[in-house]
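Asks: This is the structure, below, for whatever I ask next.
No lab work stands behind these numbers, since they all come straight from the coordinates. Just so it is clear, the model here is predicted, and its values are computed rather than measured. All Cβ positions, even for glycine, are placed from backbone atoms using ideal geometry, and neighbour counts span all protein chains on display.
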Protein chains: 2
Amino acid sequence: MQQPADHPGHPAVPHLTTALTGPLLELERRILDSMPAIERWFRLFWQDHVPPFYGSVDLRNAGYKLAPVDMNLFPAGFNNLSEDMLPCAVQAAQAAVERLCPDARNLLLVPERHTRNLHYLTNVARLVRILAATGLEVRVGSLSAEVTEPTVISLPGNEQLRVEPLARRHGRVGLFGHGDDPESTPGAGFDPCAILLNNDLSAGTPEILRDLRDQVLVPPLHAGWTVRRKSHHFAAYDEIADEFARLISIDAWMVNPYFARCSAVDFQAREGEDCLAESVDHVLTRIRAKHKEYGIDEQPFVIVKADAGTYGMGIMTVKDASEVRDLNRKQRNRMAVVKEGLQVSDVIIQEGVPTRERIEEGTAEPVVYMVDKYVVGGFYRVHRERGIDENLNAPGAHFVQLAFAGACNLPDCRALPGTAAPNRFYSYGVVARLALAAAAIELERTAQLLPKASSAPDVAVAQ
Amino acid sequence: MQQPADHPGHPAVPHLTTALTGPLLELERRILDSMPAIERWFRLFWQDHVPPFYGSVDLRNAGYKLAPVDMNLFPAGFNNLSEDMLPCAVQAAQAAVERLCPDARNLLLVPERHTRNLHYLTNVARLVRILAATGLEVRVGSLSAEVTEPTVISLPGNEQLRVEPLARRHGRVGLFGHGDDPESTPGAGFDPCAILLNNDLSAGTPEILRDLRDQVLVPPLHAGWTVRRKSHHFAAYDEIADEFARLISIDAWMVNPYFARCSAVDFQAREGEDCLAESVDHVLTRIRAKHKEYGIDEQPFVIVKADAGTYGMGIMTVKDASEVRDLNRKQRNRMAVVKEGLQVSDVIIQEGVPTRERIEEGTAEPVVYMVDKYVVGGFYRVHRERGIDENLNAPGAHFVQLAFAGACNLPDCRALPGTAAPNRFYSYGVVARLALAAAAIELERTAQLLPKASSAPDVAVAQ
């Protein structure tokens with residue numbers, strides 16, 4: 001795929017060697033032709049729903065279908081976005097901040113606890129830069145017990161990130177300095193109007209963040225993995241995909257992977273295997289029917305993964321129900337625990353969408369980033385050792401920037417589908433925004449699910 | 001000025017040979033240091049006021065001051081913006097359309113009447129492209145009597161623009177086809193929810209656009225030159241500049257040119273010369289005092305121009321009051337009439353702000369473009385034959401694109417002022433947005449000034 005000649009200003013778009021066949025081109029054509037209807041649909045949707053502050057979506061492009069397979073509400077990886085996309089990200093963040101608290105002067109960013117991962121910290125620094133460019137004073141407050149005083153971390157490219165210990169006073173969290181009098185008046189130190197989580201709360205809902213007094217916390221605590229379930233998201237996505245499919249007259253399956261869910265699974269105790277096997281079989285059967293309907297010559301597979309999992313942990317590819325009955329000890333251990341030692345008990349069985357995209361001799365999948373309701377960039381996650389039916393979010397993956405700026409909101413309608421990168425990227429942006437819409441619905445519905453804490457401490461430091 | 005090393009993705013920023021001296025660097029530093037306060041101020045301002053749909057601002061950078069000298073509410077020249085800025089422009093247009101009519105499916109663009117200026121028509125095509133990318137069906141309806149049927153105009157770069165005759169039916173304007181039954185039901189043809197004017201109405205307020213039934217017209221008719229006066233704008237700007245100056249603790253003069261106004265001037269009949277001469281003298285005296293206060297060694301000058309003028313017509317540079325008394329016939333003729341033969345009777349006498357910027361051996365001034373409340377790009381207007389104290393909007397001017405994307409909302413706060421292009425451009429973006437805020441106030445205040453029409457025709461074609 002060549003960079004279209006009429007977009008000379010766009011930085012290099014990776015040369016995709018994707019061998020695209022009929023159906024996706026049809027889907028692409030349909031999406032392009034329906035652009036006015038699609039954009040109007042989104043415009044009206046966002047009149048009634050609040051977009052998440054930000055999010056990233058993993059997409060898989062199978063040639064015959066294009067679907068989201070994961071939606072992250074605490075996206076890392078902003079450092080992988082093209083520098084060219086930053087102005088759009090800042091503009092989108094301005095809209096998000098306006099929605100959050102228009103009279104904000106400062107914002108506190110709460111990152112993941114691990115303080116040694118330079119890639120992750122570079123993401124945090126990038127987020128700080130984007131948010132600061134909206135005109136906020138942005139500081140970073142850590143939940144980590146290891147951060148006991150302000151710490152400056154050196155990052156590649158001469159950047160620095162200052163991380164400070166999070167503290168709570170009078171029902172508000174902020175940065176109140178080391179050794180300050182905890183009885184001093186509210187407003188001392190850095191007492192933000194808004195707190196942005198870049199921590200998915202896999203370790204549980206921190207008491208320090210509960211029941212804040214007049215502070216806005218986004219994403220909300222129930223977006224954390226203590227409460228969140230992929231199956232809640234994809235249940236909401238089912239409805240969005242159905243509505244979208246009616247809007248542009250396609251089969252919703254073209255943009256939606258089937259899924260099933262098993263609860264009370266204990267991989268180590270070998271409990272719940274029947275549910276797993278039955279669900280795998282059920283989903284495989286449904287995929288086979290669709291493959292037959294559309295004449296797709298592919299072996300169906302499903303992805304079995306933790307319903308509350310993240311970080312590409314606890315994920316396996318399954319092509320037959322018998323496989324989930326014959327797990328060896330190593331496989332069971334691998335599936336049983338995800339990030340921060342969280343035990344897996346709920347499992348989602350999701351239709352596997354093979355990726356047909358290859359970049360630099362690796363298997364690739366696009367990841368699309370959004371802030372507020374806007375697409376602000378993306379990249380390809382590329383893995384040289386993984387197959388087209390495997391999870392690519394694994395050690396050994398690398399990232400190829402997509403300046404899909406012009407791409408995502410400027411399709412070149414004159415180009416034939418399949419020949420111009422902007423068209424493909426517009427489709428990616430549309431499907432990613434469908435997942436974002438589903439996340440908005442999901443968060444509305446799960447707002448009641450946050451377990452009550454014993455009682456929030458009024459004076460505390462990050463545990 | 002070098003492109004900063006940490007913005008490798010930014011397309012070339014012109015090398016400015018500006019010899020910047022103390023005060024502007026101070027102003028720049030002050031603006032950068034006050035960024036959180038400034039952005040918060042804008043955020044709160046736009047909670048209470050509606051931004052114009054779009055606008056462009058001519059700035060002059062004198063080294064010791066940086067000020068808007070003209071604010072265009074019907075900006076042409078979108079074709080001069082960098083292609084890289086388009087995604088941001090689309091994002092901003094999405095916000096504007098949302099504000100205008102969220103359930104819009106289509107939008108009618110009404111351009112200037114002159115259909116032969118390919119530069120202008122390329123601007124119209126660019127606007128169509130930006131607006132269409134928000135998901136609207138966009139068509140172009142002309143007020144020109146010469147456009148009697150749909151006409152496809154070929155533009156450079158293989159582009160085409162279709163222009164159709166504007167018509168009115170049942171109190172609504174749209175494109176109702178050639179020879180259609182005028183008595184047919186409303187909704188036939190192209191019956192838009194919103195109409196965007198890219199015509200400054202120098203020729204008067206078209207009857208066909210008055211009192212539309214359930215259609216939104218932006219900018220409103222009173223933004224056209226029949227009603228609009230530069231002096232109304234700069235009166236509003238006085239207040240905005242004062243507020244801004246208090247906010248960041250500067251002298252408002254640093255961002256605000258003095259002005260005075262004379263009405264009932266008739267250049268050909270030599271009426272109103274006393275007012276002109278007194279006003280010139282008054283403004284020159286005020287400038288001299290400021291020059292003395294700041295030790296600026298420059299000869300003060302004023303720009304005398306039509307208060308309702310545009311297109312760089314009817315403009316002269318004056319350094320002494322006697323000059324406006326001694327106009328020869330040619331000068332008087334040149335000042336008496338502006339675009340579309342509009343007679344000049346109101347005149348604004350504006351402090352001249354010399355431009356210290358030079359590009360490619362020409363005198364240069366930045367022009368900043370905004371859509372909704374966002375800066376979406378800009379360029380330098382460059383003129384090789386004009387001096388630093390002259391109007392550059394004249395035949396012979398050319399344009400140098402600024403991809404001041406990252407620039408306008410991503411200042412590089414680590415860089416020293418004067419060394420990094422993004423800092424200067426952030427300042428430009430701030431001052432341009434101050435003019436936009438003044439335009440919002442101006443339009444609120446002038447809403448009552450539109451003269452009533454005799455009666456709007458219910459069935460009519462463009463006159």
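Asks: Separation between the A:SER154 and A:ALA264 pseudo-spin-labels, each 7 Å from Cα along Cα→Cβ, expressed in nm?
Replies: Going from the A:SER154 label point to the A:ALA264 one covers 5.6 nm.
Asks: If I stretch the segment between A:ARG162 and A:ASP238 completely, what's the gain in nm (0.36 nm per residue apart, minus their alpha carbon distance), one decimal? Don't skip to the answer; put the middle values down first.
Replies: On the way: separation 76, 0.36 × 76 = 27.36 nm, distance 4.17 nm.
Full extension of this stretch gives 23.2 nm more.
Asks: Tell me the label-point distance for the pair A:THR285, B:TYR294, using the 7 Å Cα-to-Cβ offset, in nm and rounded to one decimal.
Replies: Those two pseudo-labels are separated by 8.0 nm.
Asks: Okay, next question. Order of A:SER154, A:SER34 from fewest to most other C-beta atoms within 10 Å? Walk me through the numbers before you get to the answer.
Replies: Numbers: A:SER154 11, A:SER34 19.
Placing the least packed residue first, the sequence is A:SER154, A:SER34.
Asks: Next up: Using a Förster distance of 51 angstrom, determine the FRET efficiency expected from the C-beta separation of A:GLN343 and B:ASP48, and round it to 0.05.
Replies: FRET efficiency, A:GLN343 to B:ASP48: 0.50.
Asks: Between B:ASP103 and B:ASP211, take the C-beta separation as r, use R0 = 30 Å, and let me know the FRET efficiency to the nearest 0.05.
Replies: 0.85
Asks: At 0.36 nm per residue, and after removing the present C-alpha to C-alpha distance, how many nm does the segment from A:ASP326 to A:ARG116 gain when stretched out fully?
Replies: 71.9 nm
Asks: Just name one of A:PRO220, A:ALA260, A:ALA277: the one whose Cα is farthest towards the positive end of the charge dipole of the range A:200-283 (beta-carbon charges, Lys/Arg +1, Asp/Glu -1).
Replies: Farthest along the dipole direction, towards plus: A:PRO220.
Asks: Can you pull the percent of Cα pairs in the range B:88-135 with separation above 17 Å? Intermediate values should be presented prior to the final figure.
Replies: Values: 428 of 1128 pairs.
I get 38 percent for the Cα pairs in the range B:88-135 exceeding 17 Å.
Asks: In addition: Assuming a ≥ b ≥ c are the square roots of the Cα gyration tensor eigenvalues, decide whether the range A:186-284 counts as rounded (a/c under 1.5), prolate (otherwise, with a/b larger than b/c) or oblate.
Replies: Verdict is oblate for the range A:186-284.
Asks: Next up: Could you list A:ASP266, B:ASP84 in order of exposure, starting from the residue whose Cβ has the fewest other Cβ atoms within 10 Å?
Replies: The order, fewest Cβ neighbours first, is A:ASP266, B:ASP84.
Asks: For the range A:263-371, take the alpha-carbon Rg, divide it by the Kirkwood Rh, and send me Rg/Rh.
Replies: Over the Cα atoms of the range A:263-371, Rg/Rh equals 1.01.
Asks: While we're looking at this one, here's another question. What is the magnitude of the charge dipole of the range B:116-226 about its Cα centre, with +1 placed on the Cβ of each Lys and Arg, -1 on the Cβ of each Asp and Glu, and no other charges, expressed in debye to the nearest 20?
Replies: Dipole magnitude for the range B:116-226 comes out near 320 debye.
Asks: Would you order B:HIS233, A:HIS222, A:HIS114 from fewest to most other beta-carbon atoms within 10 Å of each residue's own beta-carbon? Show your work: numbers first, answer last.
Replies: Details: B:HIS233 24, A:HIS222 19, A:HIS114 14.
Ascending Cβ contact count within 10 Å gives the list A:HIS114, A:HIS222, B:HIS233.
Asks: Give me the dipole magnitude in Debye, nearest 20, for the range A:325-397 about the Cα centre, with unit charges on the beta carbon: positive for Lys and Arg, negative for Asp and Glu. It would help to have the intermediate numbers written out before the result.
Replies: On the way: 12 positive and 12 negative charges, 66 e Å.
Using only the charged Cβ atoms, the result is roughly 320 debye.
Asks: A:LEU449 to A:GLU361: FRET efficiency via 1/(1 + (r/R0)^6), r the Cβ-Cβ distance, R0 51 Å, to the nearest 0.05?
Replies: Using R0 = 51 Å, I get an efficiency of 0.70.
Asks: Moving on to the next point. Count, for each residue of B:80-90, the Cβ atoms from other chains sitting within 10 Å of its Cβ, then give me the mean as a whole number.
Replies: Numbers: counts 0, 0, 1, 8, 10, 5, 7, 18, 8, 3, 7.
Average per residue, whole number: 6.
Asks: Still on this structure, I have one more. Take the Cα pairs of the range A:55-178, get the Kirkwood Rh, then feed it into Stokes-Einstein at 25 °C and 0.890 mPa s and tell me D in µm²/s. The partial results should precede the final answer.
Replies: Numbers: Rh = 16.1 Å.
Taking Rh from Cα pairs, D becomes 152 µm²/s.
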